[in-house]
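Peer 1: Please find one structure pasted underneath; my questions will follow.
Every number here is computed from the coordinates shown, using simple stated rules; none is lab data. Computed from a prediction, not measured in an experiment: that's the story for all the values here. Neighbour counts run over all protein chains shown; Cβ positions are idealised from the backbone, glycine included.
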Amino acid sequence: MSALTAWPIRVSGIQGDDGAASDRRRRVGVGRCGAGRGGGAVAPILASHTLNAIIGGNWDPPSSAAWLGTDNLGRDLLSRLIWGARVTLFIATVATLLVFLIGGLTGFLAGVCGGWVDLVFSQIDDLLMAVPTLIFALVVLSVMPSSVVVIISVMALLDSTRVFRISRSMAADIAAMDYVEAAWVRGERLGWILCREVLPNALPPLLAEFGLRLVFAILFLSTLSFLGLGVQPPSTDWGSLLKENKDGIVFRVWAALIPGVAIALLAVAISAVADWLLDWTTGTVKTRANG
Amino acid sequence: MFSAVHPARNADVFAKKAAKTEVVEQTLKNVNEEGTTTVMLGAGVVVVEVVFVYPGMGQYMVDSVAKRDVPVVQACGLIFAAVYVGLNGLANPRLRHPR
C-alpha cells in the first residue's frame with residue numbers, strides 16, 4: 001500500500017493534512033461540480049433564453065434580462081454558458097471514460113502478461129506519445145470533420161497513452177504479488193485475474209487519476225474550440241464562448257473573462273474532488289465516522 | 001534553471017575547476033525537470049500564437065487546418081514533432097543514458 005499512499009500527483013493541499021481541510025475541499029468541490037453538472041443537465045429549465053436568441057446589443061452590461069450581460073452578437077451569455085456546459089461536460093466525460101477503457105485495459109494486459117504483449121503495447125504507446133497531443137489532434141482534424149465523434153475519439157486515443165503508462169506500472173507491481181501468483185496456481189483465467197485481483201487494487205489511484213484526466217479533457221476540448229477546431233457553431237461550448245468574446249477584452253467587457261473563469265472554476269472544483277477522493281480511498285483522512 | 005546552476009548542487013564540478021563545457025553538461029543534467037516543461041511548452045506555442053496574433057508557425061498550422069491545407073499541416077506537424085522528440089532526447093535521462 002505504500003506505493004499507493006505515496007502517489008505523486010497532488011493537485012492541491014499538502015500530504016497528510018488534517019481531515020477538516022480535506023472535508024472542506026470536498027464540500028466546496030462537490031458543490032461547484034454539482035452546480036456545473038446539474039446546470040448542464042437541466043439546461044432547458046435553467047436557461048432563460050434559447051442558445052441563439054438575440055436579446056440585445058453586442059456586449060451589453062449585466063442587466064435583469066441578461067445576468068452576465070450579452071455576448072458579441074447580443075445573445076444572453078449566462079444562457080449560452082449553461083447550454084455550453086452540457087456540450088463541454090458531455091464530451092469531456094465520455095472521452096475520459098473511453099480513455100480509461102482503452103488505457104486501463106491495454107495497460108493491465110501489458111502489465112500482467114509481460115513479454116511480447118508488453119513490448120508491443122509499450123512501443124505503440126511510445127509512438128503515440130512522441131507527437132505532442134495538440135499537434136496530433138490538429139493533424140487528425142485537418143483531414144476529418146470536427147464532429148463530436150471525431151473529437152471524442154481523438155481525445156480518447158491521445159489521453160489513453162498516459163493512463164496506459166500508469167495502469168501498466170501498477171498492474172506490473174500487483175502482478176508480482178503473492179495473491180496473484182496464488183490465483184494463477186488456482187487456475188484462474190486472465191480475465192478473472194484482471195477484474196478480481198488487479199482492478200480492485202489499482203482502483204484508488206485510478207479514481208484520482210480519473211479526476212485529473214477529466215480536467216485535462218476539459219482543458220483540451222476548450223483549447224481545440226478556442227482554436228476554432230472543436231465544437232462548431234451553432235452548437236457551443238465554453239472554449240468557443242471564450243473565442244467568440246475574447247476580442248471584448250480590448251473594450252473592457254466582462255464577457256471576455258467569464259467563460260475562462262468558468263473553465264478555471266470547474267477545473268479547480270474537479271481537482272478538489274479528485275484530491276479528496278484520493279485521500280478518502282487511501283485512508284489518509286480521518287473521517288467523522290472513524291474519529 | 002537558477003537552482004540547477006546553484007553551486008551547492010554542482011559542488012563537485014566547481015571543486016574540480018572543471019572546464020566550462022562540463023559545467024554546462026552537469027547543469028543540463030540537473031535541468032531535466034525544466035527541460036520536460038520546455039517540451040510541454042513546445043506545443044503550447046500554438047495557443048499562445050493564436051491568443052497574441054503572432055504570425056508564427058503555430059498560427060500558420062491552425063489556419064491551414066481550418067483551410068484543409070493538408071500538406072502544410074503535415075509539414076508543420078513533422079517539424080513540431082521533430083522538435084518535441086529532439087528536446088525530449090536532450091531532457092530525458094532515460095534516453096541519454098540507455099541501459
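Peer 1: Just the ratio, please: alpha-carbon radius of gyration of the range A:96-243 over 2.2 N^0.38 Å, N its number of residues. Working shown, then result.
Peer 2: Working: Rg = 17.8 Å, N = 148, 2.2 N^0.38 = 14.7 Å.
Scaled against compact globular proteins, the figure is 1.21.
Peer 1: Mind checking B:60-67 for the average number of partner chain beta-carbons within 10 Å of each residue's beta-carbon? Please list the in-between numbers first.
Peer 2: On the way: counts 0, 6, 6, 2, 2, 11, 6, 1.
Mean number of neighbouring Cβ atoms from other chains: 4.
Peer 1: At 0.692 mPa s and 37 °C, plugging the Kirkwood radius over alpha-carbon pairs of the range A:115-176 into Stokes-Einstein gives what diffusion coefficient in µm²/s? Before the final figure, lay out each step's value.
Peer 2: Details: Rh = 12.9 Å.
Using the Kirkwood radius from Cα pairs, D works out to 254 µm²/s.
Peer 1: Suppose we look only past 24 Å in the calculated P(r) of the range A:195-291. What percent of the Cα-Cα pairs does that tail hold? Mind dumping the intermediate values first?
Peer 2: On the way: 1980 of 4656 pairs.
For the range A:195-291, the share of Cα pairs beyond 24 Å comes to 43 percent.
Peer 1: Here's a follow-up. Can you grab the distance from the C-alpha centre of the range A:50-111 to the C-alpha centre of the range A:194-246, Å, no decimals?
Peer 2: 11
Peer 1: Listed highest first by mean packing, meaning other Cβ atoms within 10 Å per residue, what order do B:81-88, A:267-274 come in? Write out the running numbers ahead of the final one.
Peer 2: On the way: B:81-88: 16.0, A:267-274: 21.8.
For the peptides B:81-88, A:267-274, the packing ranking is A:267-274, B:81-88.
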